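**Q** Quick one: the structure is below, and I'll ask about it shortly.
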Amino acid sequence: MIRWRTQCLAVAAAAWLATGQGDAQQGEAVQAIGDLVNQGFGAVAALRDDIYDAERRLSELEETLLRSSSRSTPNFAGAPSPLAAQIARHPLVLTTNGYCKDAFQELVVETLPARPAVISTCIEEMRPRARHQAGLECATLHWVVAPNGQLRLEGHVSGAEDYAQLAALYGAQTVATVVERPFPACAALEALELPMTSNARPDLRLLSDETRVAFSESLAFEVKTPDFFAYVYVVYLQADGSVVNLTPKTRLLREQYRPNSILRFGDGLEGRQTYTASAPAGSEAIIVVASRSPIDSLDTLEIGPQGQYALRSDGTPLDQSGFLDLLRRGMEQEHSGRGTREISAEVLHITVVP
């Protein structure tokens, strides 16, 4: 929990299956995983073929324009085509980061120039990926294919018991990239799964560079905004279950920050408050969301002169589960309704100890 100077705020197949020695169920799992890898590589190969075909057509069109024009170099824009639309809707494109989504989407916008170099880079970075149906509470896991062609799990689980269960089933090397993130960080990571695929995420760190903080030690932290003009939302989830909005609107319109701006909280300098850890001990999380335009679903939660989050119906403060559920639904709505709108996020897990 953060203690302010004047008041206290209550703020997870290199080894494949390690035990697959004649067990029928594990044999079936190996087969299913192998099928997944083959399907994934097939999808990547098909998408690359489509991209190369599109680039060839665009190159031929550009050469035609150059030959027919007396001017030096035209402002080349690729005309929309059924193939371009097919590429932009490809499942692998839909699960890539926001920067690459924008580049693919530009293929279908007549007035925007195509960016073949960017698209080629994005294609090289794409990896087959499928959600792992773990059946674990507060966990998000995906099967991915490593650059060496081996299968592994990526994502998070809420604790050591779940991690041990996965390691016993699949082998330690396969789950080496799975991290432990207890509540509320695990739920925040679930809620912000789409925004956190962006390459243009904000940077977030405690000034001490430690995430295990003892009572009375500093909880000052720093946010570096992404490389676009952004509206920034910073929320602290405390060990006592409360939700603290650290960036409420101070005027009618929310402040917009320049790219790569540095924002500091809790260091006691330049008129800022001082944040130190205090009871109760436990797991806490800082959430930072950055967006090119204001996020209505968050702005409407601000109630009262202090701009803290509350339920509109009766004004009672939101608990963490309620807030994170609203955050998840809000992010799904924002991504489904705003096309290529850029929203990115970062989550920092902190453990407060006596």
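The values are calculated or read from the model by the stated rules, or taken from the named source; none is laboratory data. These numbers were taken from a predicted model, which means no experiment stands behind them. Reconstructed Cβ throughout: ideal geometry from the backbone, glycine too, with neighbour counts over all protein chains shown. SASA here: full protein model, heavy atoms, side chains in, ligands and nucleic acids out. Shrake-Rupley method; radii C 1.70, N 1.55, O 1.52, S 1.80 Å.
**Q** Write down, largest first, the equivalent ellipsoid semi-axes of the stretch 232-354 in whole Å, where each equals the square root of 5 times an eigenvalue of the alpha-carbon gyration tensor.
**A** Computed over the stretch 232-354, the values are 23, 19, 15 Å.
**Q** Could you tell me the calculated FRET efficiency between N260 and E193, based on Cβ-Cβ distance and R0 = 25 angstrom, to the nearest 0.05?
**A** 0.55
**Q** Report the extension gain between L253 and S208 in nm, rounded to one decimal, defined as 0.36 nm multiplied by the number of residues separating them, less their alpha carbon distance. List each step's numbers first, then the result.
**A** Details: separation 45, 0.36 × 45 = 16.20 nm, distance 3.27 nm.
Length gained, L253 through S208: 12.9 nm.
**Q** Shifting gears a bit: What does the C-alpha gyration tensor say about the overall shape of the stretch 204-248? Classify as rounded when a/c is under 1.5, otherwise prolate if a/b is larger than b/c, or oblate.
**A** oblate
**Q** If you don't mind, another one. Suppose all protein chains stay in the model; what accessible area per residue would a 1.4 Å probe give for the stretch 203-309, in Å²?
**A** Dividing the accessible area of the stretch 203-309 by its residue count gives 46 Å².
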